[in-house]
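Below you'll find the structure, written out as structure tokens, and then a few comments.
None of the figures in this text is laboratory data; all of them are computed from the coordinates on show. The model shown is predicted, which means the values in this text are computed figures rather than measured ones. No Cβ is skipped: glycine too gets one built from the backbone with ideal geometry, and neighbour counts run over all protein chains shown.
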Amino acid sequence: MLIFLLQIISATYLSIISEDSKLASIQIIQPKSGNTKRLVYRLGTEDDQCIISVNGEPLFTYKINEHEFEILTGFSTSDGVKIIDPENKFYFRDLQQPMLFVLDDFEIPLDGWSDTRVSQCQTIQNYFLGGPCYFSNNTVSKTFVGLPTHEYITISFNFHFIDQWQGEIGQLKVDKLIVWQDTYNWCDKVMPWLCYKQGINSCGGEAPDQIGQAIRLTLYHINSFVNLEFSTTLGKKDACQASWGIDNVAIYVY
């Protein structure tokens, strides 16, 4: 029989230690009731591993070293998750995964953007940077600093093409290099009234829009800072005739 010793370290800490210092656990027993069987849940340690089990079958095993947290089982027999804290690295199946460094959703006061005007479409309570009568042939940028050590970055964002675009280009530069471009044409029909009738007007004037185009890019990058610069080729077109905006700008590092 295992004997567990309870040792109160302070008013806020409780340790459960076995006599051989190899096995210690908390058990929660759900008695058999009706058609349900007796269940024994256990949270504890065994052979330098931490285990969460039901009726002796491990659901989740992991181990923690000084700076490393590694999930051994719990996803499938071949999966493995590892987090190395000082290096801000996260591994799944021995492949390093992106870690979110920053997310700008423009719902709070903006910091660091060259233009801070925000909009909402119709009655939706969701702010984004730019918008009708604000951004046309504008350039908006921000430099993000303090990135941890990394080799790659993943940048994701939503781009809004609003109102009467006629094949002009929206684009993103990263550290002054163009990494993304796309175009939008609000109407490609001979009779524009069909576009008004069949298109979806979500923002700005009456012309159909393309809202929320999702973009995700991965780039080689090792600097501790990165500059994002969004712009278009709308030229002298009035911002109340054709405009654009961005939302949910996120940077991941790994």
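Values computed for the structure shown
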read-out: W193 versus E57: modelled label distance in nm, points set 7 Å from Cα along the beta carbon direction; value: 6.7 nm
read-out: Entries of K176/K236; K197/K237; K173/K197 with Cα pairs more than 31 Å apart; value: K173/K197
read-out: Peptides ranked, highest mean first, by Cβ atoms within 10 Å: ranges 138-145, 215-222; value: 138-145, 215-222
read-out: Amide H within-cut-off set for Q213, under 5 Å, with H built and near neighbours excluded; value: F159, F161
read-out: Derived scalar couplings ³J(HN,Hα) [segment 171-178; Karplus, 6.51 cos²θ - 1.76 cosθ + 1.60; whole Hz; x for Gly, Pro]; value: 8, 10, 10, 10, 6, 6, 10, 5
read-out: Cβ-derived FRET efficiency at R0 51 Å, S224 paired with C133, nearest 0.05; value: 0.85
read-out: For segment 133-172, alpha-carbon Rg relative to the globular expectation (2.2 N^0.38 Å, N residues); value: 1.63
read-out: 5 angstrom amide H check on W180, placed H, neighbours 5+ away; value: L172
read-out: Built amide H within the under 5 Å cut-off of G204, gap 5+; value: Q122
read-out: In order through segment 239-249: 3J(HN,Hα) via Karplus (6.51 cos²θ - 1.76 cosθ + 1.60), integer Hz, x for Gly, Pro; value: 5, 8, 9, 8, 8, 7, x, 10, 8, 6, 7
read-out: Förster radius 35 Å - calculated FRET efficiency between R117 and I215, Cβ distance, rounded to 0.05; value: 0.95
read-out: Square roots of 5 times each gyration tensor eigenvalue, C-alpha, segment 157-203, largest first, Å; value: 27, 11, 6
